[in-house]
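Data first, discussion second: the structure below is written as structure tokens.
Read the figures in this text as sums done on the coordinates, not as results from a lab. This structure is a prediction, so every number in the text was calculated from the model and none was measured. Here the Cβ is made from the backbone with ideal geometry for all residues, glycine too, and neighbour counts use every protein chain on show.
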């Protein structure tokens, strides 16, 4: 299966896809040997891409704040996603700015289908959330949500499920069922969660 077929498969499942990624154009370039390059999104942004059977990386060529990346370890079936679809708040704009073409849910759904059809079905998704990290919201918003959850409960399994990533991955059948799937560093600077595919 090519990227465009994964996009169409996901579109059929979901009814529509609201992202602005030109999946057909990406697929045409990749299938003719261009695994890296640039395309123009529906909103007119320049998108850099890097595609392999075991990884898909999309970045906004004009701003390093925006990144969507998925990769898989073929032997273990463990995938990782880095989903930075909004910029960090700054001193000028106290609220983040969302990218008009990057939508985490459709990217994850398409990439999961793409990996499966490349012969790499995803059995688990590993997430790492840092207190400070790279400055991207993707990791910090999950970290903050996890820490806020501790105010009301000590059930870290339900807290992990209620984070933005927890809710997103649950839509595709991945969840946390045990405390053993959650690792917290001794200084609480890093939280790691392994979301498993429900059978």
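Pulled fully out, how much extra length does the chain show between residue 5 and residue 186, if you take 0.36 nm times their separation in residues and subtract their Cα-Cα distance?
Additional length available on full extension: 60.7 nm.
If we sort 52-65, 108-121 on the protection proxy, mean other Cβ atoms within 10 Å, highest first, what's the order? Let's see the in-between values first.
Numbers: 52-65: 16.6, 108-121: 20.3.
Final packing ranking: 108-121, 52-65.
What FRET efficiency comes out for the pair residue 98/residue 151, r = Cβ-Cβ distance, R0 = 22 Å, nearest 0.05?
Details: r = 27 Å, r/R0 = 1.22.
The computed FRET efficiency comes out at 0.25.
Express in nm, to one decimal, how much length is gained between residue 144 and residue 46 on full extension, taking 0.36 nm for each residue of separation and deducting their alpha carbon distance.
Gain in length upon complete extension: 32.2 nm.
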